[in-house]
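Visitor: I have a structure here, written as structure tokens, and I will follow up with some questions on it.
The values are calculated or read from the model by the stated rules, or taken from the named source; none is laboratory data. Remember, it's a predicted structure, so these values are computed and weren't measured experimentally. Here the Cβ is made from the backbone with ideal geometry for all residues, glycine too, and neighbour counts use every protein chain on show. Quick note on the areas: whole protein, heavy atoms, side chains included, nothing else; ligands and nucleic acids left out. Shrake-Rupley method; radii C 1.70, N 1.55, O 1.52, S 1.80 Å.
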Amino acid sequence: MEAQAFERATAWTLQWFSELTGEQAAVVREQILQCTSAQDCIAIIEERGLKMRRCPHCQGTKLYRHGVFYGLQRYRCRECMRSFNALTNTPLAFIRLREKWLPFLQCMLGSMTVRAAAETVGIHRNTSFRWRHRFMAMAKDDRPRPLQRIVEADETYLLESQKGSRHLTRPARRRGGAASRRGISDEHDCILVARDRMRQTCDFVTGRGQVTAAQLTTCLTPVLSPHALLVTDGAVAYKAFAQATGIQHVAINIRAGDRGNRFIHVQSVNGYHSRFKGWLQRFHGVASRYLPNYLGWLHVLQQPRIATPQLLLRAALFPRGS
């Protein structure tokens with residue numbers, strides 16, 4: 001049900017926007033631009049400023065107000081005498097046009113492409129691309145901890161991509177191309193997803209090639225409850241990880257046709273893989289280095305609590321996992 005609802009909503013949004021005429025698109029753009037204001041954006045940013053208790057430069061605690069610059073309160077540290085604001089040392093520092101931040105985040109909630117968002121908000125396509133990844137740089141860490149009770153874990157693979165790179169480390173592939181040999185190899189990026197029955201999800205890009213027990217230890221140990229039951233396929237790396245960490249583990253031999261039962265299965269995490277790959281298709285290829293940001297983006301879209309651009313901005317400024 002969750003997967004079907006998500007697919008219907010995103011498909012309807014994209015089809016609806018693509019069928020608009022030039023005048024209709026202009027009206028929609030104007031409505032999006034008017035739905036929020038720079039004051040709303042600054043108020044949310046200042047919430048972060050009010051919670052700051054340490055200097056981002058030296059971690060000093062003796063702070064005082066030091067004027068206002070471009071609408072944001074500045075502070076000065078009595079220990080290092082350097083000034084800062086609520087965005088200092090964050091990916092959102094030095095991004096201008098704050099009156100367009102929330103309209104742009106509304107476009108992100110609609111899974112718009114770089115060009116469609118740029119045209120809607122009235123910014124350059126390069127700015128649209130840069131903003132997409134600046135906002136997701138912090139929101140991608142907004143993950144639940146710990147995963148509890150029955151937790152499914154499985155990995156999926158995407159052919160590595162150096163899209164946009166000026167210095168390729170291999171011969172270029174036409175329109176994505178294919179791997180040079182069959183099966184999973186170091187030409188594929190490994191995406192590990194762990195998901196419990198409360199639909200809380202954690203995801204990781206572990207590297208190239210088959211996942212290893214060491215990578216599982218690094219990724220899963222901080223997010224798994226010690227009392228969780230880990231359900232996976234029959235990959236040997238999961239068995240080695242469970243034995244090394246003492247996590248309860250059940251392996252399902254999918255290759256032998258075993259699909260588990262009503263309670264013990266990996267269908268939820270495999271469904272998440274399917275939704276992620278289907279959602280990625282609209283972007284016509286994603287560079288490997290940006291995969292964590294896109295995983296974070298999809299995670300945000302599937303959170304009922306993040307339904308407005310204001311809430312998305314708060315997720316970017318106050319990630320739980322950072």
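Visitor: Within the bounds of segment 254-263, is there any residue that is touching a His at 6+ places or on another chain (Cβ under 9 Å), open to solvent by 30 Å² or more (accessible area, probe 1.4 Å) and assigned to a loop (DSSP other than H, G, I, E, B)?
Guide: yes
Visitor: Further, regarding this structure: Quick check on this structure: which one of Ala251, Ala179, Ala172 is assigned to a strand (DSSP E or B), over 23 Å from the mean Cα position of the chain (by Cα) and farther than 26 Å from Val300 by Cα?
Guide: Answer to the check: Ala251.
Visitor: What do you reckon, is Thr169 open to solvent by 50 Å² or more (accessible area, probe 1.4 Å), farther than 30 Å from Leu92 by Cβ and either among the polar types (S, T, N, Q) or in contact (Cβ under 8 Å) with a residue 60 or more places away in the chain (or both)?
Guide: It is true that Thr169 is open to solvent by 50 Å² or more (accessible area, probe 1.4 Å), farther than 30 Å from Leu92 by Cβ and either among the polar types (S, T, N, Q) or in contact (Cβ under 8 Å) with a residue 60 or more places away in the chain (or both).
Visitor: Checking the conditions here, which among Gly271, Gly285, Gly296 is touching a Lys or Arg at 6+ places or on another chain (Cβ under 6 Å), part of a helix (DSSP H, G or I) and of a type outside the set (Val, Ile, Thr)?
Guide: Gly296
Visitor: State yes or no: is Leu311 within 16 Å of Arg48 (Cα to Cα), free of Cβ contacts under 8 Å to residues at least 40 places away in the same chain and either open to solvent by 10 Å² or more (accessible area, probe 1.4 Å) or of a type outside the set (Val, Ile, Thr) (or both)?
Guide: Taking the combined requirement at face value, the residue satisfies it.
Visitor: Restricting attention to segment 97-144, which residues are touching a Cys at 6+ places or on another chain (Cβ under 8 Å) and among the hydrophobic types (A, V, I, L, M, F, W, C)?
Guide: Trp101, Leu102, Ala116, Ala117, Val121
Visitor: Name the single residue that is farthest from Leu147 (Cα to Cα) among those in segment 204-218 being open to solvent by 20 Å² or more (accessible area, probe 1.4 Å) and of a type outside the set (Ser, Thr, Tyr).
Guide: Here the answer is Arg208.
Visitor: Let me ask something else. Do you know which residues across segment 264-298 are open to solvent by less than 40 Å² (accessible area, probe 1.4 Å) and closer than 22 Å to Val250 by Cβ?
Guide: Answer for segment 264-298, where residues must be open to solvent by less than 40 Å² (accessible area, probe 1.4 Å) and closer than 22 Å to Val250 by Cβ: Ile264, His265, Val266, Val269, Gly271, Tyr272, His273.
Visitor: Further question: Of a type in the set (D, E, K, R) and crowded, with 21+ Cβ neighbours inside 10 Å: which single residue out of Arg132, Arg82 fits that description?
Guide: Arg132
Visitor: When you look at Asp154, is it out of contact with any strand residue (DSSP E or B) (no Cβ under 7 Å at 6 or more places or on another chain), open to solvent by less than 20 Å² (accessible area, probe 1.4 Å) and among the acidic types (Asp, Glu), yes or no? Break it down stepwise before answering.
Guide: Values: out of contact with any strand residue (DSSP E or B) (no Cβ under 7 Å at 6 or more places or on another chain): no; open to solvent by less than 20 Å² (accessible area, probe 1.4 Å): yes; among the acidic types (Asp, Glu): yes.
Answer is no for this residue.
Visitor: Just to check your reading of the model, which residue among Gln243, Gln215 is under 19 Å from Asp141 (Cβ atoms) and part of a helix (DSSP H, G or I)?
Guide: Details: Gln243 fails: under 19 Å from Asp141 (Cβ atoms).
Testing whether each residue is under 19 Å from Asp141 (Cβ atoms) and part of a helix (DSSP H, G or I) leaves just Gln215.
Visitor: Scan segment 62-74 and report the pairs whose first residue is closer than 15 Å to Ile44 by Cβ and in contact (Cβ under 8 Å) with a residue 12 or more places away in the chain and whose second residue is in a loop (DSSP other than H, G, I, E, B) and polar (S, T, N, Q), with Cβ atoms within less than 7 Å and a gap of 6+ or a chain change.
Guide: Leu72/Asn85; Gln73/Asn85
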